[in-house]
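Q: Please read through the structure below; I'll follow up with questions.
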Amino acid sequence: MLRTPEQYVESLRDGRVVYQNGERVHDVASYPPYQDEIESRATEFYMAMQPEYRDLLNIMEDGEECSFAYHVMKTPEDLARRQQITQTLDRMGIRSTKFTGIDALNGVSYAAHKMDVEKGTDYGERIDNYRKWCQKQDPGISATMSDVKGNRALHAEDPRQKHKDFYLRIVDRTRDGIVISGCKCHISGAIVSNELLCMPSRNHDEPGKDYAVSCAVPCNAKGLTFIATDMEIDRGLGLGGGGSPMVVFDNVFVPNERVFLAGEWEFSRLFTTSFARYHRFSIISNRVSRIQQIAGLARLIAEYNGLTHATRIRDMLAWLAMFADMVEAMGKAAALDSKVDPEIGLAAPNEIYSNCAKFFCADNMHQAIKYLQDITGGIAATMPSWKDWENPKTRPYIEKYLGGDARYPTEERIRTLFKINEVASAPAGIAYLHAEGSPAAQQMMIYERADWERFKAAAKHSMGMKTDHPEFRDLPLPTEHLWKLPSK
Ligand SMILES: Cc1cc2nc3c(=O)[nH]c(=O)nc-3n(C[C@H](O)[C@H](O)[C@H](O)COP(=O)(O)OP(=O)(O)OC[C@H]3O[C@@H](n4cnc5c(N)ncnc54)[C@H](O)[C@@H]3O)c2cc1C
């Protein structure tokens, strides 16, 4: 089923408990500060009904048209289409309700089915049924992984932690389901979503088995409280709608059919990494658009400032263009080199390439922002407000004195400066680094999954040492030339 934008907006009036900047928000859908965010998200539902976007956004499943987001990823083409959808929505300024949560759906499916193969559990069937329910209901889903963690050096159950609830955990089990408590934080779009798909944020050992929990919880579940991101911080990110709130779970009951991991601690990490694998892949498409914007903003402001001829400025612009194109190329490689798991038939992007792309983005984003700020000049930090631009008393002065190269209208320069402030803000810089996992998470994964045998074989071969590695074993050694000069 496809929901209308109106149905999506109405679905937010379900009694969810939300606090924003010190006040309870009783009706999320009518709360003025959330209006822009809700419109942006509802537009995705509107687009799904327009003839020109139906082929991209929707698919027929069991004879019914529904969002492609819920489709089971079985081929590299499916992954590439998802990338295309993400980028199209992002470029249209749409914060999708089916972004992080769909990566969670795919990640949990992957991990649950792998676990079933090894343990004979039935979690795969449960998540498949949940996916079918999503196809029928068209909900917005938020990936709910990051725990508040407390002392990061300690395990969740370590008695030296201040309390037991720094990681979401099962506090009770009944015949019909589980009861969970704890707090997840930074959960993007959760307040304007419908479902939270919870996953563990790390490995847990046997003593911490109650922390190995994955389940789906509706946003109005009894015992849930959302504490929204501060509005000023949110504005710095160009977001609204409560941003990426803390979500407190106070004895929330989850029925068995919505539980996808409940104590199988050995699989906890697989749930974390499977989600990360899909999510880092998705985020590349999103980041590519952002980096393209940064490169474009830098070029525009250089043009407005009349400085495109300066070698220094050109060098920085060339670096920004390289950054944008390299990240795009890495994203494409991750989709093209995806693998279909032979045991469970699900396609997943190349894990190393996705993680390399995300790390490369995060690692270089501050350099990109630095170049953008350098090219722009200090005016981005000192300029008057948009209201002064609109005020007929002050506008003529701003028009006259904040103009640049005579070929361009002052208003274009002013608009560009505001946008630069948004993409180069401190909260944006933090988000580029930490959202979708801190750089250390990618480094850990790349270190673990890197093909060290291949790299060692390359090194040994270069030194003339024999190796059994299939890429090198039949290759003549570089130290023994096949053709030699006639002996003297
Ligand atoms: C804008 C934004 C949106 C987000 N959206 C979502 C979302 O929708 N859903 C979701 O689940 N999460 C989301 N996140 C969370 C994101 O994945 C985390 O911020 C990220 O994983 C880092 O975790 P942390 O913020 O708790 O930082 P920390 O884990 O505290 O990390 C801080 C630093 O400490 C280091 N560190 C941490 N633990 C150790 C250790 N044991 N040993 C050595 N070093 C350590 C880290 O490498 C890092 O350098 C979002 C984050 C942001 C900023």
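Q: Can you name the residue in segment 183-206 that is surrounded by fewer than 22 Cβ atoms within 10 Å (Cβ to Cβ) and within 11 Å of the ligand (Cβ to nearest atom) and, of all such residues, is farthest from PRO159 (Cα to Cα)? Steps first, answer last, please.
A: Restricting attention to segment 183-206, the residues satisfying the condition of being surrounded by fewer than 22 Cβ atoms within 10 Å (Cβ to Cβ) are 183, 185-186, 202-203, 205-206.
Now drop any that are not within 11 Å of the ligand (Cβ to nearest atom), which leaves 185-186, 202.
Values: CYS185: 22, HIS186: 25, ARG202: 18 Å.
Among them, the one singled out is HIS186.
Q: So if I check each of ASP250, ASP234, which one is surrounded by fewer than 24 Cβ atoms within 10 Å (Cβ to Cβ) and at pLDDT 90 or above?
A: On the way: ASP234 fails: at pLDDT 90 or above.
Just one listed residue meets the conditions, ASP250.
Q: I've got another one for you. Considering every residue within segment 94-107, establish whether at least one is of a type in the set (Asp, Glu) and either buried (at least 24 other Cβ atoms within 10 Å of the Cβ) or within 12 Å of the ligand (Cβ to nearest atom) (or both). Before you say what the answer is, go through the steps one by one.
A: Our first condition is that a residue be of a type in the set (Asp, Glu); within segment 94-107, this holds for 103.
Next, from what is left, pick out any that are either buried (at least 24 other Cβ atoms within 10 Å of the Cβ) or within 12 Å of the ligand (Cβ to nearest atom) (or both): 103.
Yes, segment 94-107 contains at least one residue that is of a type in the set (Asp, Glu) and either buried (at least 24 other Cβ atoms within 10 Å of the Cβ) or within 12 Å of the ligand (Cβ to nearest atom) (or both).
Each row is one residue, and each column tells you yes or no for (1) in a helix (DSSP H, G or I); (2) within 29 Å of HIS481 (Cβ to Cβ); (3) within 30 Å of the chain's Cα centre (by Cα); (4) at pLDDT 90 or above.
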| position | (1), (2), (3), (4) |
| --- | --- |
| ILE420 | yes, no, yes, yes |
| GLU436 | no, no, yes, no |
| MET444 | yes, no, yes, yes |
| GLU453 | yes, yes, no, yes |
| LYS456 | yes, yes, no, yes |
| ALA459 | yes, yes, no, yes |
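Q: Also: Looking only at segment 121-146, count how many residues are over 16 Å from LEU2 (Cα atoms), within 25 Å of the chain's Cα centre (by Cα), away from the ligand (no atom under 16 Å from the Cβ) and of a type outside the set (Val, Ile, Thr).
A: Looking only at segment 121-146, we keep the residues that are over 16 Å from LEU2 (Cα atoms), and these are 121-130, 142-146.
Imposing the further condition that a residue be within 25 Å of the chain's Cα centre (by Cα) reduces the set to 123-124, 126-130, 142-146.
Still in the list and also away from the ligand (no atom under 16 Å from the Cβ): 123-124, 126-130.
Narrowing the set further to residues that are of a type outside the set (Val, Ile, Thr) leaves 123-124, 126, 128-130.
Result for segment 121-146: 6.
Q: Mind listing whichever residues of segment 150-182 are surrounded by 16 or more Cβ atoms within 10 Å (Cβ to Cβ) and charged (D, E, K, R)?
A: GLU157, LYS164, ASP165, ARG169
Q: Moving on to the next point. Looking at segment 34-51, which of its residues are more than 10 Å from GLY93 (Cα to Cα) and of a type in the set (Ser, Thr, Tyr)?
A: If the condition is that a residue be more than 10 Å from GLY93 (Cα to Cα) and of a type in the set (Ser, Thr, Tyr), then TYR34, TYR46 are the ones that fit.
Q: Applying the selection to segment 44-77, what residues are in a helix (DSSP H, G or I) and surrounded by fewer than 18 Cβ atoms within 10 Å (Cβ to Cβ)?
A: First, the residues of segment 44-77 that are in a helix (DSSP H, G or I): 44-47, 51-57, 68-70, 76-77.
Within segment 44-77, TYR46, PRO51, GLU52, TYR53, ARG54, ASP55, LEU56, GLU77 meet the criteria.
Q: Give the residue, chosen from ALA324, ALA329, ALA357, that is over 25 Å from GLU422 (Cβ atoms), part of a helix (DSSP H, G or I) and either touching a Leu at 6+ places or on another chain (Cβ under 8 Å) or not aromatic (Phe, Trp, Tyr) (or both).
A: Details: ALA324 fails: over 25 Å from GLU422 (Cβ atoms); ALA357 fails: over 25 Å from GLU422 (Cβ atoms).
Criteria check complete, one pass: ALA329.
Q: Yes or no: segment 136-146 includes at least one residue that is closer than 22 Å to SER67 by Cβ, of a type outside the set (Gly, Ala, Ser) and surrounded by fewer than 21 Cβ atoms within 10 Å (Cβ to Cβ).
A: Within segment 136-146 (the criterion being closer than 22 Å to SER67 by Cβ, of a type outside the set (Gly, Ala, Ser) and surrounded by fewer than 21 Cβ atoms within 10 Å (Cβ to Cβ)), the answer is yes, since at least one residue qualifies.
Q: Let me ask another. Suppose we filter LYS209, LYS149, LYS162 for residues that are away from the ligand (no atom under 11 Å from the Cβ) and part of a loop (DSSP other than H, G, I, E, B); which single one remains?
A: Working: LYS209 fails: part of a loop (DSSP other than H, G, I, E, B); LYS149 fails: away from the ligand (no atom under 11 Å from the Cβ).
Going through LYS209, LYS149, LYS162 in turn, the sole match is LYS162.
The values are calculated or read from the model by the stated rules, or taken from the named source; none is laboratory data. None of these values were measured; they are calculated from a predicted model. All Cβ positions, glycine included, derive from the backbone under ideal geometry; neighbour counts span all protein chains shown.
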